[in-house]
């Protein structure tokens, strides 16, 4: 996944996120829309037309042509929204891999080993 700075936030587009999970972007977006009320308002936003045009113009990435001619404006997700999406996508095998890596790294960094050994 490629993070970009948009509106002074580090975000990833829905198409990049879907590509990393080996799924179609419209399926990811529909799952997000169904559970949108669980996400904090500052964890995602939808690009404006000008932001979409600037993103296509300034960044060279694989789905630039698809993004240029997209019928809808893409969503972008911050890190907290990505973690929530990984929890929502239970049956996706790549989401499971990323979720396991995430929880393993967070769990081991927050555990107090000395307290566990007492």
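Worth pointing out:
- When 16, 54 are arranged by Cβ crowding within 10 Å, least crowded first, meaning fewest neighbours, the order is 54, 16.
- Calculated FRET efficiency, residue 9 to residue 36, Cβ-Cβ distance, R0 = 22 Å: about 0.75 to the nearest 0.05.
- Packing-based exposure ordering (other Cβ within 10 Å, fewest first) of 87, 25: 87, 25
Readers should treat all values here as calculations from the given coordinates under stated rules, not as data from a laboratory. These figures come from a predicted structure and were not determined experimentally. Don't worry about glycine lacking a Cβ; one is built from the backbone with ideal geometry, like all the others, and counts go over all protein chains shown.
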